[in-house]
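Below is one structure, written out as structure tokens; the observations come after it.
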Amino acid sequence: MKPKYYPHEVEAKWQARWEQERAFEVEADPARPKFYCLEMLPYPSGRLHMGHVRNYTIGDALSWYKRLQGYNVLHPMGWDSFGQPAEQAAIKRGIHPAIWTEENIAYMRQQLRRLGISYDWRREIASHTPEYYRWNQWFFLKMYERGLVYRKLSPVNWCPQCQTVLSNEQAQGGCWRCGSAVEQRPLEQWFVKITDYAEELLQGLEELGEGWPERVRTMQRNWIGKSVGATVEFPLEGRDEVIPIFTTRIDTIYGANAVLLAPEHPLARRLAEASADRDRLLDFIARLEKIDRRVRSSEAAEKEGMATGLFARNPFTGERLPIWIANFILMEYGTGAVMSVPAHDQRDFEFSRKYGLPIRQVIAPLDEEGRPILFDELTEAYEGEGVLIHSGPFDGLASAEARRRMTEYAEQHGFGRATVHYRLRDWGISRQRYWGTPVPMIHCQRCGIVPVPEDQLPVILPPDAPFTGEHGSPLDHVPEFVRTTCPTCHGPARRDTDTMDTFVDSSWYYFRYCDPKNAKAPFDPEIVRYWMPVDQYIGGIEHAIMHLLYTRFWCKFLRDLGLVEFSEPVTRLLTQGMVLNIVPEGPYAGRWMAMSKSLGNGVDPDDMIQKYGADTLRIFILFAAPPENELQWKEEGVEGAFRFLRRIHALVWKWHEVLARRFPTLSRPEPEQLTPEQRALLRKTHQTIKGVTEDIETHFQFNTAIAKLMELLNAIGEFEARFPTTDDAAAADLSVLGEAIHALVVMLAPFAPHLAEELWEALGHAESLVKARWPSYEDRWVQAETLEIPVQVNGKLRSRIFLPPGTPREEYERAALADPRVQAFINGRKVIKIIVIPDRLVNVVVQ
């Protein structure tokens, strides 16, 4: 140990030693309790940003803490390395996606090593390697066998100029490459039937309980979107067919004024063909189909529609209802057809006002006396509950009761049924891109679509493909990849040229970490049985819906395959907040916003490590805010973190030689032999151990844990400042001081592991802190030496007394009655009783 703190020397030394000693490598060990700590794996975009640093530092602090508690800690890292940015880099820079990706991985891996994150690097995976994506293909085939994968027409973003499919990001504001207007075009694509698991995914959220943030569970509930209602069939006038309509408000059906169809509804074009206004209707449908559905159906979008000239019948009333095509109706919801009830749905209200359709109130709220409120003229839809009016035999019924009876009526008369609908749609996994997992299917003119045999996996991406961003997927233009042989008839066939959504890669990667080198299976179920489920998962709230929903589905599928025995992959979830910085210039100048290259408010972690060291950056990141909150970047806070570590270094430098030599031979004196100063430091040490343990274990409040370490450092400083030299400290002083310093160093390890290791070694320990154990506290030393006890007279606070913890009840009574202020309020009156709540309160009741 050197007399001055040189963070770069210390960090390089311990990173090398950890690697040499394989300090963080672990294997399944049934004799030990396990803890699986996982941060969401990064996309290798080129460099770590501060959001990455925060995510991985939180996970590392928890991993160190659990390791010091004796847990067998699995803490792995890998790369979500397929995806669109690599392909765009290939187009823009003329560099192959694999080269770009692997260069980025190498750089980011080195950054993580410089941060000192305690990963078991043997378990590193990258989703772009055949060793990994082979198992994506294997899972695809298993889903296909079970009817969970299918192909259907689905709209995509299409650039007519480039003749290629675009992602939503590439399509914003026109084609990212040529600027042309983007159209919606139907294309055959692969889907996973996640909807088969909708109810189980919903119910599982309740089982997750407090281990998952309520905000995340609410977002998933809303995304799954369970709706209980009824499907009602509206007969088409003049035709022997019906239009099924799902509604959650069958109680409003007497107020229906039209049937509205999505432009993609199978009936829309057929009705247009039969309409007197055929050409205009077909043009209208074609125009709407080209518009992004999210834009078309947004609340801000103007409502557009066109009447077909054809009619349906309301099965409850027999009333003729005109059939319209409307822009805000989507095939993705319900059946793609709705009954328009303008008095009780705001979108229908706006549509009907625009096109002059009648508006009829059929639900009335009640006034204070329970009478229905009738509206002379509606200025907006009333969407609440009430009683039915103008609804024939159902008048006077409350909404909920009416829904039950009207659904029964529809069932009895054969035109309706109770229905449960989910907002959740099947997962479209097709991507018309190169840099992804090839779909393992073959198209044969004789046999149809045929799966690739398992013994032919993986279907490997061809190394050479044209990256132009034009004319469809690059794989379409690699004949040696496309041309193949049908495994059924052995005739000529062509490979599917779609690749899989990268959410497939990230839906099961944490299983692979458990058994990353397995060449015969995605993983060994016995090994996974030991490590899984993940005990703590850490990542951004932006992944609350897609990734976290897909990964829950994937676990349930693995269970149904017989590979695992549990249904939920993650026991506890932490969603950390973003890192904010002030925007220096531009329209957002002076505002705190998430760090971004485009805003110019990013801070390079490498610069901070070079200036202050990794431990300082880690301390600041963990100290500046609770992990779930946003963190405001302030470099003066980084400087403060550096000063804190430098003070600890200086303290240990002063005492390390004498403590290394004498502390192991000392035993703590009995409490009555300790001086008040020694007792105070011992008490502060044990209170800090308890407080830091609870902050990490229960609340993940790393910021308050570090604050407690700062307080302990101050207390140690006050204690040891009484000794001009280390020779002036008595054995009892060294015993108490050594206990405090050792506890401080061990508790520092989760936050600043390099410095903690250096100080631990200086204190005379040959083995790494990895082998040490978290300090324990003694209850007797956690309690304050004296407690401040409020004293009430007839329930009103009148004074305070000071007593040690555990004082006998009669001593409370004696001290309260002897207090001069209490005596003044008693003032000769008779004491009826004295209520004592030990260590908390005394109440003297007088008459």
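The values are calculated or read from the model by the stated rules, or taken from the named source; none is laboratory data. Because the structure is a prediction, the values reported are computed rather than measured. Backbone-built Cβ (ideal geometry, glycine too); neighbour counts: all protein chains shown. Just the protein is used for accessible areas: all its heavy atoms, side chains included, with ligands, DNA and RNA removed. Shrake-Rupley method; radii C 1.70, N 1.55, O 1.52, S 1.80 Å.
Once the whole set of protein chains is in place, how much accessible area is left on I285, using a 1.4 Å probe, in Å² to the nearest 10?
0
Say the cut-off is 23 Å between C-alpha atoms; which of K92/K597; K290/K597; K13/K690; K2/K634; K142/K556 go over it? Let's see the in-between values first.
Working: K92/K597 19 Å; K290/K597 33 Å; K13/K690 31 Å; K2/K634 29 Å; K142/K556 13 Å.
Over 23 Å Cα-Cα: K290/K597; K13/K690; K2/K634.
Where nothing but the Cβ of Lys and Arg (+1) and of Asp and Glu (-1) is charged, how large is the charge dipole of the stretch 684-784 around its Cα centre, in debye to the nearest 20?
Numbers: 7 positive and 16 negative charges, 49 e Å.
Here the stretch 684-784 has a charge dipole of around 240 debye.
Once the piece of chain linking R425 and M593 is laid out straight, how much longer is it, given 0.36 nm per residue of separation minus the C-alpha distance between them? Each step should come with its number before you reach the end.
Working: separation 168, 0.36 × 168 = 60.48 nm, distance 3.33 nm.
Computed gain between R425 and M593 is 57.2 nm.
What are the extents of the Cα atoms of the stretch 751-831 along their three principal axes, listed from largest to smallest and rounded to whole Å?
Sorted largest first, the three principal extents are 70, 23, 18 Å.
Skipping prolines and chain starts, which residues have an amide H placed within reach, meaning under 5 Å, of the one on G428, given they are 5 or more residues away or on another chain?
V192
Mind checking the angle between helix 731-748 and the chain's longest principal axis? C-alpha axes, 0 to 90 degrees, to the nearest 10.
10
Got a number for the accessible area of E526? Probe 1.4 Å, square angstrom, nearest 10.
120
Compute the FRET efficiency between K354 and T488 as 1/(1 + (r/R0)^6), taking r as their Cβ-Cβ distance and R0 = 41 Å, and round to the nearest 0.05.
Details: r = 56 Å, r/R0 = 1.36.
For R0 = 41 Å, the calculated efficiency reads 0.15.
Spin-label point model (7 Å from Cα, Cβ direction): what's the E411 to D292 distance in nm?
So the label points at E411 and D292 sit 4.2 nm apart.
Under a 5 Å amide H to amide H cut-off, with H placed in plane at 1.01 Å, what residues pair with T468 once short-range neighbours are removed?
Excluding prolines and chain starts, which carry no amide H, there are no hits.
Over the alpha-carbon set of the chain, work out the extent along each principal axis and list the three values in angstrom, largest first.
Projected onto its principal axes, the Cα set of the chain covers 105, 85, 56 Å.
Rg to Rh ratio, the stretch 740-787, alpha-carbon atoms and Kirkwood radius?
Numbers: Rg = 13.1 Å, Rh = 11.9 Å.
Radius of gyration over Kirkwood radius for the stretch 740-787 works out to 1.10.
Working with all protein chains in place, sort I58, I460, I359, I95 by solvent-accessible area computed with a 1.4 Å probe, largest first.
Details: I58 5, I460 95, I359 65, I95 40 Å².
Largest accessible area first, the residues go I460, I359, I95, I58.
On the accessible surface of the chain, probed at 1.4 Å, how many percent belong to carbon and sulfur atoms?
On the way: 18510 of 37200 Å².
Of all accessible area on the chain, carbon and sulfur atoms account for 50 percent.
For the stretch 463-475, what does the Karplus curve 6.51 cos²θ - 1.76 cosθ + 1.60, with θ = phi - 60°, yield as ³J(HN,Hα) per residue in whole Hz, taken in order and with x for Gly and Pro?
Calculated HN-Hα couplings, in order: x, 10, 8, x, 9, 10, x, 10, 6, x, 5, x, 5 Hz.
Obtain the nm distance between the two label points defined at E810 and Q783 by a simple spin-label model: each point lies 7 Å from its Cα along the Cα-to-C-beta direction.
Distance between label points: 1.9 nm.
Which value in Å is the Kirkwood Rh of the stretch 442-554 over different Cα pairs? Don't jump to the answer; show the numbers that get you there.
Numbers: mean 1/r = 0.0577 Å⁻¹.
Kirkwood radius, the stretch 442-554: 17.3 Å.
For K517, K684, give the ranking by accessible area with the largest first, probe 1.4 Å. Intermediate values should be presented prior to the final figure.
Working: K517 150, K684 55 Å².
My answer, sorted largest first, is K517, K684.
Using only helices, what value at 222 nm comes out for the chain when you add -39,500 (n - 2.57) per DSSP H run of length 4 or more and divide by the total residues, to the nearest 500 deg cm²/dmol? Don't skip to the answer; put the middle values down first.
On the way: 28 runs with 325 residues, N = 847.
Calculated at 222 nm, the ellipticity per residue is -12000 deg cm²/dmol.
Given labels modelled 7 Å from the Cα in the Cβ direction, how far is it in nm from I837 to V228?
4.2
Fully extended, how many nm does the chain gain between K4 and E369 (0.36 nm per residue separation, minus their Cα-Cα distance)? Each step should come with its number before you reach the end.
Numbers: separation 365, 0.36 × 365 = 131.40 nm, distance 8.09 nm.
Full extension of this stretch gives 123.3 nm more.
Going by alpha carbons, how many degrees (0 to 90, nearest 10) lie between the helix axis of 278-289 and the longest principal axis of the chain?
With both axes taken from Cα atoms, the answer is about 10 degrees.
With a 10 Å radius around each residue's Cβ, average the other Cβ atoms per peptide and rank 288-296, 63-71, 668-676, highest first.
Result, highest mean Cβ count within 10 Å first: 63-71, 288-296, 668-676.
Counting every Cα pair in the stretch 344-455, what percent are over 20 Å apart?
Working: 4151 of 6216 pairs.
Looking at the stretch 344-455, the distances longer than 20 Å represent 67 percent of pairs.
Among P492, W158, S81, which residue has its Cα positioned farthest towards the positive end of the charge dipole of the chain, with +1 placed on the Cβ of Lys and Arg, -1 on the Cβ of Asp and Glu, and the dipole taken about the Cα centre?
Result: S81, furthest along the dipole toward the positive end.
I need the peptides 382-391, 242-251 ranked by packing, meaning the mean over residues of other C-beta atoms within 10 angstrom, with the highest value on top. Intermediate values should be presented prior to the final figure.
Details: 382-391: 18.0, 242-251: 21.5.
So the order, starting with the most tightly packed, is 242-251, 382-391.
Rg and Dmax of the stretch 62-133, using alpha carbons, in Å: what are they?
15.5, 51
In vacuum, with every alpha carbon of the stretch 424-505 counted as one equal point scatterer, what does the Debye formula give for log10 I(q)/I(0) at q = 0.14, 0.20 Å⁻¹? Two decimals, please.
Debye curve over Cα of the stretch 424-505, log10 I(q)/I(0) at q = 0.14, 0.20 Å⁻¹: -0.49, -0.94.
For the stretch 417-523, what is the relative contact order in percent, using Cα pairs closer than 8 Å and at least 6 residues apart in sequence? Show your work: numbers first, answer last.
Numbers: 141 pairs, mean separation 34.9, N = 107.
So the answer I get is 33 percent.
In the calculated pair distance distribution of the stretch 3-117, what percentage of Cα-Cα distances lie above 25 Å? Intermediate results must be reported in sequence, preceding the final value.
Numbers: 2360 of 6555 pairs.
Result for the distance tail: 36 percent.
Could you give the spread of the C-alpha atoms of the stretch 689-847 along their three principal axes, from largest to smallest, in whole angstroms?
69, 40, 22
Tell me, what are the semi-axes, in whole angstrom and largest first, of the equivalent ellipsoid of the stretch 92-212 as set by the roots of 5 times the Cα gyration tensor eigenvalues? Write out the running numbers ahead of the final one.
Details: eigenvalues 192, 165, 59 Å².
Taking √(5λ) for each eigenvalue gives 31, 29, 17 Å, largest first.
Report Rg (one decimal) and Dmax (nearest whole number) for the stretch 493-603, counting Cα atoms only, units Å.
In order Rg, Dmax, the Cα atoms of the stretch 493-603 give 19.5, 60 Å.
For C178, tell me the accessible area in Å² from a 1.4 Å probe, rounded to the nearest 10.
60
Where only protein heavy atoms count, and the probe is 1.4 Å, what is the accessible area per residue for the chain in Å²? Mind showing how you got there, number by number?
On the way: 37200 Å² over 847 residues.
Normalised by residue count, the accessible surface of the chain is 44 Å².
Full extension from N714 to Q610: what is 0.36 nm times the residue separation minus their Cα-Cα distance, to one decimal in nm? Show your work: numbers first, answer last.
On the way: separation 104, 0.36 × 104 = 37.44 nm, distance 2.80 nm.
Gain on extension, N714 to Q610, equals 34.6 nm.
Going highest first, how would you order 397-409, 365-377 by mean Cβ packing within 10 Å?
397-409, 365-377
Taking the Cα centre of the stretch 362-411 as the origin, how large is its charge dipole in debye, to the nearest 20, when only Lys and Arg (+1) and Asp and Glu (-1) carry charge on their Cβ atoms?
Numbers: 4 positive and 12 negative charges, 59 e Å.
Its charge dipole is roughly 280 debye.
I need the per residue convex hull volume for the stretch 191-345, using only the alpha carbons, in cubic angstrom as a whole number. Numbers along the way, then the final one.
Working: hull volume 23.1 nm³, N = 155.
Once divided by residue count, the hull of the stretch 191-345 is 149 Å³.
Remind me, relative contact order of the chain in percent, using alpha carbon pairs under 8 angstrom and six or more residues apart?
Numbers: 1502 pairs, mean separation 117.1, N = 847.
In percent, rounded to a whole number, it is 14.
Please determine, in degrees from 0 to 90 and to the nearest 10, the orientation of helix 84-93 with respect to the longest principal axis defined by the Cα atoms of the chain, where the helix direction is its Cα long axis.
80
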